[in-house]
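Chemist: I'd like to ask some things about the structure below.
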Amino acid sequence: MPSINFFEEDISFKLKKKTGVKHWIKATVETEGYKLKELNYIFCSDQYLLQINQQYLDHDTYTDIITFDNSEKKGIIEGDIFISIDRIRENALKFNSGEANELHRVVIHGALHLLGYQDKTAEKKKIMTGKEDHYLSVRNFT
C-alpha cells in the first residue's frame, strides 16, 4: 500500500490541504510511469537541514531540499525528502511566489528527483523547472 507521510523536525509546521497534496504527488508519480511505495517529507529548519547537508553530502551550505532515494526496485519510488521551511519562506519572498506555491514547487521537486530528473546542469535544470511548472499548473487543491 503506497504511503506519503509528513513529519516535522525541530520546527512547528502543519501542511495545509494534506489530502490534496498527497493525491497530487501520487498522480505525478503515476503520470511519470512509476509506482509509489513510500515518501516521507520531513519539514525542518535551515539549521537542521544544514547539518544533514554537512553530515551526508559534505556540503556546508543552506539549501531548501535534500532528497534521499531509498528505492530498491526499478520503477518503484521510495524516499525521504527534507525541506527547510525557513528557505521556503525566504524564497517565497525573494521570488514573490507565495509561501504555499513555493512549498508545493519544492515538494514536487523532491518527487521529480526520485523520478530521475536532475538539475546539476543548465539544460537539466530547465527540464526540471518545466516539469515543476507543469505539475504546479495541474494542482486541483489550491
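Chemist: Among the listed pairs LYS14/LYS74; LYS16/LYS74; LYS35/LYS126; LYS16/LYS73, give every one whose C-alpha distance is greater than 29 Å.
Modeler: In this structure, LYS14/LYS74; LYS16/LYS74; LYS16/LYS73 exceed 29 Å between Cα atoms.
Chemist: Only Lys, Arg, Asp and Glu count, each charged at its Cβ (+1, +1, -1, -1), so figure out the dipole size of the chain about its Cα centre, rounded to 20 debye.
Modeler: 680 debye
Chemist: Under 1.5 on a/c is rounded, so check that first for the range 3-137, then, if it is not, pick prolate when a/b is larger than b/c and oblate when it is not; a ≥ b ≥ c are the square roots of the alpha carbon gyration tensor eigenvalues.
Modeler: Cα axes put the range 3-137 in the rounded bin.
Chemist: Got a sec? How would VAL138, VAL21, VAL107 order by Cβ neighbour count within 10 Å, fewest to most?
Modeler: With the sparsest Cβ surroundings first, the list reads VAL138, VAL21, VAL107.
Chemist: Return, ordered by residue number, the residues of the range 74-102 whose backbone nitrogen is under 20 Å from a label point located 7 Å along Cα→Cβ of GLU30.
Modeler: Within reach of a label on GLU30, which here means backbone N under 20 Å from a point 7 Å along Cα→Cβ, the range 74-102 contributes 74-79.
Chemist: Output the antiparallel fraction of DSSP beta bridges having both residues in the chain, as a percent to the nearest 5.
Modeler: 25 percent
Chemist: For every helix of n ≥ 4 consecutive DSSP H residues, a contribution of -39,500 (n - 2.57) applies; sum these over the chain, divide by its total residues, and give [θ] at 222 nm rounded to the nearest 500 deg cm²/dmol.
Modeler: So the helix-based figure for the chain works out to -15500 deg cm²/dmol.
Chemist: Another question, then. If you stretched the chain out fully between LYS16 and LYS126, how much longer would it get, using 0.36 nm times the residue separation minus the C-alpha to C-alpha distance?
Modeler: Extending this stretch completely gives an extra 36.8 nm.
Chemist: Let me ask another. Assuming a ≥ b ≥ c are the square roots of the Cα gyration tensor eigenvalues, decide whether the range 28-104 counts as rounded (a/c under 1.5), prolate (otherwise, with a/b larger than b/c) or oblate.
Modeler: In terms of gyration-tensor shape, oblate.
Chemist: Separate question: Sorting check: for 116-126, 94-104, which peptide has the highest mean count of neighbouring beta carbons within 10 Å, and how do the rest follow?
Modeler: 94-104, 116-126
Chemist: Further question on the same structure: Near LYS94, within a Cβ-to-Cβ distance under 15 Å, what is the net charge of the other residues, with Lys and Arg +1 and Asp and Glu -1?
Modeler: Surrounding charge for LYS94 is -3.
Chemist: Provide the packing ranking of 36-48, 57-69, 7-19, i.e. peptides ordered by the mean count of other C-beta atoms within 10 Å per residue, highest first.
Modeler: 36-48, 57-69, 7-19
Chemist: Within a Cβ distance under 14 Å of TYR62, other residues only, what is the Lys/Arg minus Asp/Glu net charge?
Modeler: -2
A short reminder: the numbers here are calculations on the coordinates, not readings from a lab. None of these values were measured; they are calculated from a predicted model. All Cβ positions, glycine included, derive from the backbone under ideal geometry; neighbour counts span all protein chains shown.
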